[in-house]
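S.K.: Have a look at this one before I ask anything.
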Amino acid sequence: MSKAHRGTGIRDQVKNGRGTCPVCKRTGIKVLYENEINGKKITICKECNKAIAHGKKQEALAAV
Ligand SMILES: [Zn+2]
């Protein structure tokens, strides 16, 4: 079992897992974390994943 969010584990993903995070709008960031927001699944970056886990970014999520 490789690390799911690092190294060879993300080589097979499109652009090595990089893209635009729908929450913080940063581009070229690794969007590796699946989250279910308002009933739909989105992939977001690590920072946003953590922020959401701590109950932050709620206003940004409302717009997603
Ligand atoms: Zn983000």
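Only the coordinates and a few stated rules stand behind these numbers; no lab work does. All values reported here derive from a predicted model rather than from experimental measurement.
S.K.: With respect to the cross-link table entries K3/K50; K3/K57; K15/K56; K15/K57; K30/K50; K3/K56, which display a Cα-Cα separation exceeding 22 Å?
M.R.: K3/K57; K15/K56; K15/K57; K3/K56
S.K.: Size of the chain along its principal axes in angstrom, Cα-based, largest extent first?
M.R.: Principal extents (largest minus smallest coordinate, Cα): 34, 23, 19 Å.
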